[in-house]
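For reference, the structure discussed in these notes is given below.
The values are calculated or read from the model by the stated rules, or taken from the named source; none is laboratory data. All figures in this text were calculated on a predicted structure; none of them were measured in a lab. Ideal geometry is used to build each Cβ from the backbone, glycine not excepted, and the neighbour counts take in all protein chains shown. Each accessible area value is taken on the protein alone, full model and side chains, heavy atoms only, with ligands, DNA and RNA left out. Shrake-Rupley method; radii C 1.70, N 1.55, O 1.52, S 1.80 Å.
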Amino acid sequence: MDTDRFQIISPNDLPDYRDRAGDIGEASWPEFMMHDPVANENWHELFDRFSEYQFALLDKESRRMAAMGNSLPFHWEGDLSDLPEKGWDWVFLKAVEDHKNGLTPNIQSAIQIAIHPDYRSQGLSTQMIHAMRAIGQSREFEYLVAPVRPTQKSKYPLISIDDYIRWTNDEGLPFDAWLRVHTRVGAKILKPCHEAMTIRGTCADWEEWTGMKFPQSGKYYVPGALNPMDMDVEKDEGVYVEPNVWMVHKI
């Protein structure tokens, strides 16, 4: 990676920062992932309440945004091993609620690191994790936690997340590439969060999001999903529950 080519920027550095960041999100995730109600209702909070925890990587040669990182602070008194099953959705809502109530945060959580497809396999993910950790370090937080989406599990949707996180490669590192990136920079796997995100939609919604048809009720694998999606044709509702993996960085 040419480190001189890229520059860490904040939301205040570009007038169209949010639009550019949104383009990266749309290019990085399956369409159905863009319909999590917690994200859709609260995404603005990242910038309205936690702007200093958001950042991006700018390609200085092309002036394109190559990657973006989102995180937020929250208050946690319990053991990290007790972080909730609802993972991503929970921590987003917890941070917003803590801020509304004036509760002083003592820990940072990652929300996402997204690399534009044109810039993948260039080592940017490691740089992005270091940049995110630096934000928490500047606030003297001891930990950065992350409900990590193990993206390669989409190739193994019938394998439980509990089994999947035990898979390793020839080096003894996590089999999944994203889990491996975090591990290489010092993170530890805590446990799965089996209900990190819940996405609901009508049959028509899921047909639009996936390009598939759902003639009967049952479990369906949709491209990009980590688990099968449950479709109830009689209720006209499809429900996808996404598992993630709680990981912790000591910063």
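Residue pairs whose Cβ atoms lie under 9 Å apart, sitting 6 or more positions apart in sequence or on different chains, and linking a residue in region 78-101 that is under 10 Å from Val38 (Cβ atoms) and among the charged types (D, E, K, R) to a partner that is open to solvent by less than 80 Å² (accessible area, probe 1.4 Å) and part of a loop (DSSP other than H, G, I, E, B), are Asp89/Asp36. Close Cβ contacts (under 8 Å, 6 or more residues apart or on different chains) running from residues in region 166-186 that are over 23 Å from Ser28 (Cβ atoms) to residues that are in a loop (DSSP other than H, G, I, E, B) and open to solvent by less than 40 Å² (accessible area, probe 1.4 Å) comprise Trp167/Asp176. If you go through region 96-111 and pick out every residue that is within 19 Å of Gly136 (Cα to Cα) and either part of a loop (DSSP other than H, G, I, E, B) or in contact with a Lys or Arg (Cβ under 8 Å, 6 or more places away or on another chain) (or both), you end up with 8.
Evaluation of Phe32 against the conditions (1) farther than 23 Å from Glu140 by Cβ; (2) open to solvent by 80 Å² or more (accessible area, probe 1.4 Å); (3) in contact with a helix residue (DSSP H, G or I) (Cβ under 9 Å, 6 or more places away or on another chain); (4) modelled with pLDDT of 95 or more shows that the sole unmet condition is (2). Within region 69-88, no residue satisfies the criterion of being buried (at least 22 other Cβ atoms within 10 Å of the Cβ), in a helix (DSSP H, G or I) and aliphatic (A, V, I, L, M).
Among all residue pairs at least 6 apart or on different chains, which show Cβ distances below 6 Å where the first residue, located in region 139-157, is under 15 Å from Pro174 (Cα atoms) and the second is assigned to a loop (DSSP other than H, G, I, E, B)? Within 6 Å, the pairs are Pro150/Asp176; Gln152/Asp176; Lys153/Leu226.
Inspect region 213-222 for any residue being of a type in the set (S, T, N, Q) and within 20 Å of the chain's Cα centre (by Cα) and give the result as yes or no. No: zero hits. Scanning region 96-145 for residues that are among the basic types (Lys, Arg) and either open to solvent by less than 30 Å² (accessible area, probe 1.4 Å) or modelled with pLDDT under 95 (or both) gives a single hit, Arg120.
Taken over region 203-232, the criterion of being more than 30 Å from Leu190 (Cβ to Cβ) and either assigned to a helix (DSSP H, G or I) or open to solvent by 50 Å² or more (accessible area, probe 1.4 Å) (or both) is satisfied by Cys203, Ala204, Asp205, Trp206, Glu207, Glu208, Trp209, Thr210, Gly211, Lys213, Pro215, Gln216.
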